[in-house]
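The values are calculated or read from the model by the stated rules, or taken from the named source; none is laboratory data. Model, not experiment: these values are computed from the prediction. Reconstructed Cβ throughout: ideal geometry from the backbone, glycine too, with neighbour counts over all protein chains shown.
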Amino acid sequence: MMNDIDTRFQAMEEAKMSWRRLICDKRFGLEDYHDNRGGTRSDFQRDFDRLVFSSPFRRLQNKTQVFPLPGSVFVHNRLTHSMEVASVGRSMANEVANALRRRYEGLPDAAALDSIGEIVAAACLAHDLGNPPFGHSGEKAISTFFSEGAGADLHEELSAEQWADLIHFEGNANAFRLLTHQFNGRRKGGFAMTYSMLASIVKYPFSSTLAGDRNKFGFFTSEKEAFRRIAGELGLIVTSDCRGALSYARHPLVYIVEAADDICYEVMDIEDAHKLKILSTQEVKSLLLNFFDDSRRGRCEEVMGHISDPNEQIAYLRSGVIGVLVSRCAEAFVDHEEEILRGRFHGTLLACVPGREKMAYECCNAISWDKIYRASDVVNIELAGNRIITFLLEKFIHAVRHPKLNYSKLLLSQVPQQYDVHAPDLFGKVQAVLDHVSGMTDVYALDLFRKLNGLSLPAV
């Protein structure tokens, strides 16, 4: 006779997600008003357009991707990165859709596949919306403020789940909050995005208590029920362990968003490093040519013989590499679709590409860690960003904890009204501070840091 745990695992083994449920244009927060409006744009296209015109998306232009914001040489910021990821993700999703339509020809699931390119493109635009200023170092600065810094004093005043949210602060979870939370003065449902698009940005569909050493999770305690509702509607497979922490299998389209993101940051970081003369032209040529077989390599070298500008040579190779990786990742998704739909696929699509391309990608990754991510300019922006974010968190969290102090009143008066710094509970107040700080651009955070330290004064 099976016990409850055995029954649950048997159900997981038998469970399989369905494209008919996974593709859902119901809007979060507007469920009661759901209708099929038709017209020239689908609801997923409306998601994309809504993001393009949003303030958080525009602010990405002044947020660090890897390298400091440009001087004379223009390198990628979070905005240009997100736009490129959307382009790559759409292409990959369309290749997947074409293959799966042939597989499901004549079956009900086939029609649902027409929209996955639109969903993935919108999800790619949104995937970095929750990232704080100063790149990934900004995330680390926030989490270590609570685990190692002045924020550690809050530990005893918060629940275990709330504390886990703070010490594992994650930009992905923050993006989900940004898109779904009803901030002051805003409409119910946040951005009122479609269920499928929201699920497609959650790379780690489990709560922070399962984050472990990687500091990765998909939603804060405050948005747990929101994700549960979305997951239930889409039929995501529940994978909660015996501890009862909320956990699901990924929405299948997350794998495409993730692959597009990985391709773009890896290849484009190398191109940026070339422009900044961190890597030589010959180094980059050798790295990128490794992705091609002898025939294609010969053709590439022939074409480059007609291009005198080294930057254009690298751009030509980069475009070819992206094309190869898009096709290989699409093939990997189609090959592993059954495992993905059953929640049994582990790892990434890039880990499944053939030997030559995989070795070339791993070589690029090794070079990036050795020569790019440890470059002095990159490390310096991380150090400066850590100092700035830590300072701002100290000031604002002290202010929300002691709002009657004169300095606190002055400081809190400058926080946008959409952030509830006077929330009834401590966690709500802290989240309001994190909403404010994580939404800042690099430039704004630096300017505010200088002003609060008396190093600059507002212009009259």
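Look at the range 276-296 and say how many of its residues are assigned to a helix (DSSP H, G or I) and surrounded by 16 or more Cβ atoms within 10 Å (Cβ to Cβ). So the count comes out to 5. For the range 297-314, the candidate set comprises residues that are among the aliphatic types (A, V, I, L, M) and surrounded by 15 or more Cβ atoms within 10 Å (Cβ to Cβ); within that set, the residue that is modelled with the lowest pLDDT is M304. Among the residues examined, T180 qualifies as modelled with pLDDT of 95 or more and within 23 Å of D425 (Cα to Cα). Scanning the range 396-411 for residues that are surrounded by 18 or more Cβ atoms within 10 Å (Cβ to Cβ) and out of contact with any Gly (no Cβ under 8 Å at 6 or more places or on another chain) yields F396, A399, V400, S408, L411. Each residue in the range 371-428 was checked for being touching an Asp or Glu at 6+ places or on another chain (Cβ under 7 Å) and over 20 Å from V443 (Cβ atoms), and 3 pass.
Conditions tested, residue by residue: (1) among the aliphatic types (A, V, I, L, M); (2) touching a Leu at 6+ places or on another chain (Cβ under 9 Å); (3) at pLDDT 95 or above; (4) over 26 Å from Y104 (Cβ atoms).
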| position | (1), (2), (3), (4) |
| --- | --- |
| L22 | yes, yes, yes, no |
| L30 | yes, no, no, yes |
| H34 | no, no, no, no |
| G39 | no, no, no, yes |
| D43 | no, no, no, no |
| S55 | no, no, no, yes |
| R59 | no, yes, no, yes |
| K63 | no, yes, no, yes |
| P68 | no, no, no, yes |
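Residue check: V378 meets all listed conditions (1) aliphatic (A, V, I, L, M); (2) in a loop (DSSP other than H, G, I, E, B); (3) touching a residue at least 24 places away in the same chain (Cβ under 8 Å) but one, namely (2). Across the range 167-177, the number of residues qualifying as surrounded by 22 or more Cβ atoms within 10 Å (Cβ to Cβ) and among the aliphatic types (A, V, I, L, M) comes to 2.
If you go through the range 148-166 and keep only what is outside any helix (DSSP H, G or I) and surrounded by 17 or more Cβ atoms within 10 Å (Cβ to Cβ), you end up with just L158. In this structure, V303 does not qualify as over 30 Å from E95 (Cα atoms), assigned to a helix (DSSP H, G or I) and without any contact (Cβ under 8 Å) to a residue 40 or more places away in the chain. Applying the set (1) charged (D, E, K, R); (2) modelled with pLDDT of 90 or more; (3) within 29 Å of N77 (Cβ to Cβ) to D293 leaves exactly one unmet item: (3). At least 3 residues being touching a residue at least 60 places away in the same chain (Cβ under 8 Å) is the threshold, and among the helices (runs of 4 or more DSSP H) wholly inside the range 405-460 those reaching it are 426-438, 442-452.
Yes or no, residue by residue, for (1) without any contact (Cβ under 8 Å) to a residue 12 or more places away in the chain; (2) touching a helix residue (DSSP H, G or I) at 6+ places or on another chain (Cβ under 7 Å); (3) of a type in the set (A, V, I, L, M, F, W, C):
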| residue | (1), (2), (3) |
| --- | --- |
| I237 | no, yes, yes |
| A249 | no, no, yes |
| E258 | no, no, no |
| I270 | no, yes, yes |
| K275 | no, yes, no |
| S280 | yes, no, no |
| E283 | no, no, no |
| S286 | yes, no, no |
